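Written out below as structure tokens is the structure these notes cover.
Taken together, the values in this text are just the output of simple stated rules run on the coordinates, not laboratory data. None of these values were measured; they are calculated from a predicted model. Quick reminder, even Gly has a Cβ in these numbers, built from the backbone with ideal geometry, and neighbours come from all protein chains shown.
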Amino acid sequence: MKLSNKVAIVTGATQGIGLACAQRLVAEGAKVMLVDIKPEGASAAATLGESARFFAADVSQKCDVDALVAATMAEFGRIDILINNAGVTHAADFLDLTEDDFDRVLRINLKSMFLCGQAVARQMAKQQSGCIINMSSVNAELAIPNQVPYVVSKGAINQLTKVMSLNLVTHGIRVNGIGPGTILTELAKQAVMASPEARNTILSRTPMGRCGEPEEVASIAAFLASDDASYMTGQTLYVDGGRLALNYTVPVK
């Protein structure tokens, strides 16, 4: 197992990509602290056995992040991996978007990664080793007209990943990102499968002809967290079925 005796924190871990990442890390031998603002994360952690714990936190608040790091250290004694996955979206046309909604999305999607990254990196620096993975999106490069704060936050996450990687490299800490395309989380399933038109819109811009599964993103996270990626830092890997390479639409069966 690639991650034996490693300790990981995964934010936004109640469902979807976050939960899949936690499951994969445990399967690879890691001990994992699942973190979410939703209390049902406790039951998700329980299904993963003795290698997993749950901590309820709003990771956009520094006091919660500090408490999370303290609890992880008390439980496991070290932190080797951080997967910054917590995030939200908010659909609104640019002319109708409120300041509060813009701020809320940036706080949860971007500020949380700064707060968690800084707090965890301080501990990793004492160990002179560690790996941080920031969950980005193809929408760091592409834009959706009615997803203004989401698109802005994901573009900023890519730059945060780069600057963190450069600043932390002397402390033995690697920082990379993952940029998923359309992944079949429960929320995405409802959106993509809502109608034939919605399905065709997604698949027409996906050369592989299908959406991704959360487990496929988790496999990239496990790779980046392992020694197999020991010479990688400052990179964002796109798990998108070929979408970013596409400048036309493809026929859908």
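Run through the stretch 1-100 and list the chymotrypsin sites (Phe, Trp or Tyr not before Pro) located in a DSSP loop whose Cβ has at most 10 other Cβ atoms within 10 Å.
Loop-located and lightly packed - F94.
Across the stretch 1-121, C-alpha contacts under 8 Å between residues 6 or more apart give a mean separation that, scaled by the residue count, equals a relative contact order of 27 percent. So which aspartates and glutamates pass the test for K38, namely a Cα distance under 17 Å, with those fewer than 8 places away in the same chain ruled out? Correct list for K38: D58, D64, E186.
Taking 2.2 N^0.38 Å as the expected size of a compact globular protein, what ratio does the Cα radius of gyration of the chain give against it, to two decimals?
Ratio of Rg to 2.2 N^0.38 Å for the chain: 0.98.
Projecting the Cα positions of V175, G212, F114 onto the charge dipole of the chain (unit charges on Cβ atoms of Lys, Arg, Asp and Glu, taken about the Cα centre) puts V175 furthest along the positive direction. Remark on the stretch 81-140: hydrodynamic radius 13.1 angstrom, per the Kirkwood mean of 1/r across alpha carbon pairs. Centre-to-centre separation between the Cα atoms of the stretch 124-163 and those of the stretch 233-253: 17 Å.
Tell me which lysines have Cα within less than 22 Å of K31's Cα, excluding those fewer than 8 residues away on the same chain? Answer for K31, where 22 Å is the Cα cut-off: K2, K6, K126, listed by chain and number.
Given in Å, the Rg to one decimal and the Dmax to the nearest whole number for the Cα atoms of the stretch 154-253 are 16.1, 51.
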